[in-house]
1. Given the conditions (1) touching a Gly at 6+ places or on another chain (Cβ under 9 Å); (2) surrounded by fewer than 16 Cβ atoms within 10 Å (Cβ to Cβ), and given that ALA9 satisfies all but one, which numbered condition is not satisfied?
2. Restricting attention to region 47-55, does a residue exist that is small (Gly, Ala, Ser) and either surrounded by 14 or more Cβ atoms within 10 Å (Cβ to Cβ) or in contact with a helix residue (DSSP H, G or I) (Cβ under 8 Å, 6 or more places away or on another chain) (or both)?
3. Search region 1-23 for residues that are in contact (Cβ under 8 Å) with a residue 24 or more places away in the chain and in a helix (DSSP H, G or I) and pair each with any residue that is open to solvent by less than 50 Å² (accessible area, probe 1.4 Å) and among the charged types (D, E, K, R) when their beta-carbon atoms are under 9 Å apart and the residues are at least 6 apart or on different chains.
4. For region 33-70, name all the residues that are outside any loop (DSSP other than H, G, I, E, B) and polar (S, T, N, Q).
5. Out of everything in region 23-46 that is in contact with a Ser or Thr (Cβ under 9 Å, 6 or more places away or on another chain) and of a type in the set (A, V, I, L, M), what residue ends up being most open to solvent (accessible area, probe 1.4 Å)?
Amino acid sequence: MPEEVKSAAEATEIAVSFIKKYRTYTRVLKAVREGDVWLVEIDVGPLSATIAKIKVDANTGIILEYTIPY
């Protein structure tokens, strides 16, 4: 059963493990809690900044939404 995500480090770990399914290069830029959602921004562009945004539910740790630009 999913557990509450209490820290930015936990939210970042969830987001990075998810994004690595799609991209090999990852560099975390920030993780911010907004109410019941963690917003994690990750640079996935090895040559130029390409920002992926992942929303993680703070209560369950489930990925709610993500955007991975090409």
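1. Of (1) touching a Gly at 6+ places or on another chain (Cβ under 9 Å); (2) surrounded by fewer than 16 Cβ atoms within 10 Å (Cβ to Cβ), only one is false for ALA9: (1).
2. Within region 47-55, one or more residues are small (Gly, Ala, Ser) and either surrounded by 14 or more Cβ atoms within 10 Å (Cβ to Cβ) or in contact with a helix residue (DSSP H, G or I) (Cβ under 8 Å, 6 or more places away or on another chain) (or both).
3. ALA15/GLU41
4. Step one: filter region 33-70 for residues outside any loop (DSSP other than H, G, I, E, B), giving 33-34, 37-43, 51-57, 63-67.
Correct list: THR67 only.
5. The selected residue is VAL28.
The values are calculated or read from the model by the stated rules, or taken from the named source; none is laboratory data. Here the structure is a predicted model, which is why all the values come from computation and not from measurement. Virtual Cβ from ideal backbone geometry, glycine too; neighbours counted across all protein chains shown. Accessible surface areas use protein heavy atoms only, side chains included; no ligands, DNA or RNA. Shrake-Rupley method; radii C 1.70, N 1.55, O 1.52, S 1.80 Å.
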